[in-house]
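The values are calculated or read from the model by the stated rules, or taken from the named source; none is laboratory data. This is a predicted model, so every value here is computed, not measured. Backbone-built Cβ (ideal geometry, glycine too); neighbour counts: all protein chains shown.
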Amino acid sequence: MKARVLVRLKPEVSDPQGQAIGEALATLHYDAVRNVRVGKVFDLELDETDPERARRALERICAQVLAHPVVEEFDFEILEAPADRTDGAKP
Amino acid sequence: MKAGVVVFPGSNCDEDLIDALRRVMGWEVERLWHKATALPRELDLVALPGGFSYGDYLRAGAIARFSPLMSAVVEFARRGGAVLGVCNGFQILTEAGLLPGALLRNRSLRFLCRDVHLRVERPGTIFTDFEARRLRLPIAHGEGRYVIDREGLARLEGEGRVVLRYCDAAGELTETANPNGSMASIAGVVNAQGNVLGMMPHPERASEAELGGEDGKLIFGSLERALSGAAARR
């Protein structure tokens with residue numbers, strides 16, 4: 001089973017990196033961009049078949065390691081189990 | 001006086017710290033590899049040096065916190081042992097939950113390597129038992145912007161646990177004197193029990209006149225007066 005975790009700064013924490021990227025986009029005249037915030041994506045492969053157990057494990061993994069509770073928040077999704085690879089499709 | 005300096009993969013101020021404590025201060029100093037599972041007996045102080053432990057992967061200090069020796073350091077601190085974290089050591093202490101808050105990318109996004117002026121906001125701790133109310137110490141960090149939630153900040157201020165603040169040469173707290181954008185110009189905080197200090201500036205780099213200053217030595221001298229033989233008493 002695969003899971004994708006998204007960690008981002010809490011809205012009240014200022015993000016100078018996002019601001020710098022926003023300013024660069026403004027320099028390039030992407031005038032429609034109003035704001036940029038930078039986060040992190042973690043793709044995890046889990047030896048787990050039960051989505052509920054996977055969710056409980058992910059909750060702990062995020063709270064304990066991947067996100068810093070003071071300044072970050074997290075979100076995750078269970079991605080589709082990989083398709084059966086006997087059909088010859090590339091993994 | 002006996003100190004242990006913890007060395008993580010990626011620590012790079014460990015030798016400076018050991019040299020300052022051993023040669024300048026004349027202490028007995030042990031280098032402690034992070035894979036050890038126990039601290040040596042009768043340590044008066046555990047110090048976590050600056051650097052880039054584990055390459056700052058995930059977040060600065062985030063992986064070092066899970067090093068085997070850190071459990072022993074946390075236990076040592078909980079029993080009242082003195083712990084000093086400098087720069088990356090401060091980041092590790094916040095990640096380990098021994099100090100509140102977090103240290104994020106500098107407001108300027110630049111790595112800052114220069115001297116700063118500091119106000120000693122909380123004299124009389126085991127780290128700051130000296131006359132001076134202003135210090136000049138070097139900083140060298142890319143992620144030193146201290147951030148904490150509103151309640152946490154109120155608690156820190158209310159309990160007088162902000163030990164050091166960035167100021168200008170006249171001792172004023174100004175935006176321009178705040179090098180990294182830290183909340184309330186915070187450069188160093190202590191835990192509620194007063195035995196764990198984290199600070200971004202480097203006292204070990206300013207412990208001899210020929211290195212540009214001796215203000216760092218004030219902190220080590222304070223620890224020596226407060227702690228000599230502490231381990232034996234504990």
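Of the set (1) out of contact with any Lys or Arg (no Cβ under 8 Å at 6 or more places or on another chain); (2) within 13 Å of chain B (Cβ to nearest Cβ); (3) not β-branched (Val, Ile, Thr), all apply to residue A:39 but (1). Scanning segment B:90-141 for residues that are hydroxyl-bearing (Ser, Thr, Tyr) and at the interface with chain A (Cβ under 10 Å from one of its Cβ atoms) turns up B:94, B:108. Annotation: of all residues in segment B:29-64 being over 19 Å from the mean Cα position of the chain (by Cα) and within 14 Å of chain A (Cβ to nearest Cβ), the one that is surrounded by the fewest Cβ atoms within 10 Å (Cβ to Cβ) is B:57.
Looking at B:160, B:171, B:181, just one residue is within 14 Å of chain A (Cβ to nearest Cβ) and in contact (Cβ under 8 Å) with a residue 12 or more places away in the chain, and that residue is B:181.
Residue-by-condition table, conditions (1) exposed (fewer than 15 other Cβ atoms within 10 Å of the Cβ); (2) under 18 Å from residue B:190 (Cβ atoms); (3) touching a His at 6+ places or on another chain (Cβ under 9 Å):
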| residue | (1), (2), (3) |
| --- | --- |
| B:109 | yes, no, no |
| B:117 | no, no, no |
| B:146 | no, yes, no |
| B:160 | yes, yes, no |
| B:166 | no, yes, yes |
| B:171 | yes, no, yes |
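For residue B:67, the conditions (1) more than 14 Å from chain A (Cβ to nearest Cβ); (2) of a type in the set (S, T, N, Q); (3) buried (at least 20 other Cβ atoms within 10 Å of the Cβ); (4) more than 14 Å from the chain's Cα centre (by Cα) are fulfilled apart from (1).
Of the strands (runs of 3 or more DSSP E) lying entirely inside segment B:100-199, the ones with 1 or more residues being acidic (Asp, Glu) and over 24 Å from residue B:45 (Cα atoms) are found at B:112-120. Residue B:59 satisfies every condition listed in (1) among the charged types (D, E, K, R); (2) modelled with pLDDT under 95; (3) assigned to a helix (DSSP H, G or I) except (3). From the list B:97, B:124, the one residue that fits, being surrounded by fewer than 23 Cβ atoms within 10 Å (Cβ to Cβ) and over 15 Å from the mean Cα position of the chain (by Cα), is B:124. Residues considered: A:54, A:26. Of these, the only one that is away from every other protein chain (no Cβ under 13 Å) and either in contact (Cβ under 8 Å) with a residue 40 or more places away in the chain or surrounded by 14 or more Cβ atoms within 10 Å (Cβ to Cβ) (or both) is A:54.
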